[in-house]
Amino acid sequence: MLLEKFREFDFWLLDKFEKIGHGFQKTVGIDCFDLARFCLILSGLSLFGLIFWNITKYGFSGTTIVLFLLFLIVNALVFMDMHLVWHYEQLVYKHIHQGLTNPAKIIHIKSRILCLFLVPYSTLLYSIVSELDQGPNMVIKLMTVFIPFWFIFGLYFMACDPLPPAPQLAPTPVRTN
């Protein structure tokens, strides 16, 4: 029963992300797979910026070590997901005219639900660690809150169906030599 509610929420969120992806594809020309890459890269880079900021402000501390371990884990996940984005992009554009949907919608539903469930807990855990190590610091806490969300955004954009390519308006010129 609870899993069914999570599934409904996941598909509702996926629909919203798909609409955002279609809007970007119509206006800017980048599809949902490009948005997924952008979000995944941003999750890794923002964590790197957070580590650098923490080192310059506090030096090497327990928080820096926790951040560095988190950086390694997140970037390993980003690297694996970048390969998945490329794989699904090739698969979707190969079969887009047959009306098939992106297989990531179904295959990765459990990982998206798990990430949605774990984000508040990971943020809370880091808040506790940073509280114990150096006292309350709102900049670190706010930046930490957004890092897992960029990763989740990447997972959702990876599962979207892009708009099919527009038909070619003018015939391709034939070159004669």
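Values quoted throughout were computed directly from the atomic coordinates according to the rules given, and no laboratory measurement underlies them. Keep in mind that what you see is a predicted model, and the values were worked out from it rather than measured. Cβ: placed from backbone, ideal geometry, glycine included. Neighbour counts: every protein chain shown.
Using 1/(1 + (r/R0)^6) with R0 = 35 angstrom and r between the beta carbons of HIS83 and LEU2, what's the FRET efficiency to the nearest 0.05?
Numbers: r = 32 Å, r/R0 = 0.90.
Between HIS83 and LEU2 the formula returns 0.65.
Return the FRET efficiency for the residue pair ILE96, ILE65: r is the Cβ-Cβ distance, R0 is 35 Å, and the value is rounded to the nearest 0.05.
Computed FRET efficiency for ILE96 and ILE65: 0.15.
Multiplying the sequence separation of PHE38 and ILE107 by 0.36 nm and subtracting their Cα-Cα distance, what value in nm do you get? Display every interim value, and only then the final one.
Working: separation 69, 0.36 × 69 = 24.84 nm, distance 2.15 nm.
Result for the pair: 22.7 nm of gain on full extension.
For a Förster distance of 45 Å, can you work out the FRET efficiency between the beta-carbons of ILE55 and PHE9, rounded to the nearest 0.05? Don't skip to the answer; put the middle values down first.
Working: r = 38 Å, r/R0 = 0.85.
FRET efficiency, ILE55 to PHE9: 0.75.
Mind jotting down the three principal axis lengths of the range 26-114 based on Cα atoms? Whole angstrom, largest first.
Over the range 26-114, Cα extents along the principal axes are 56, 31, 19 Å.
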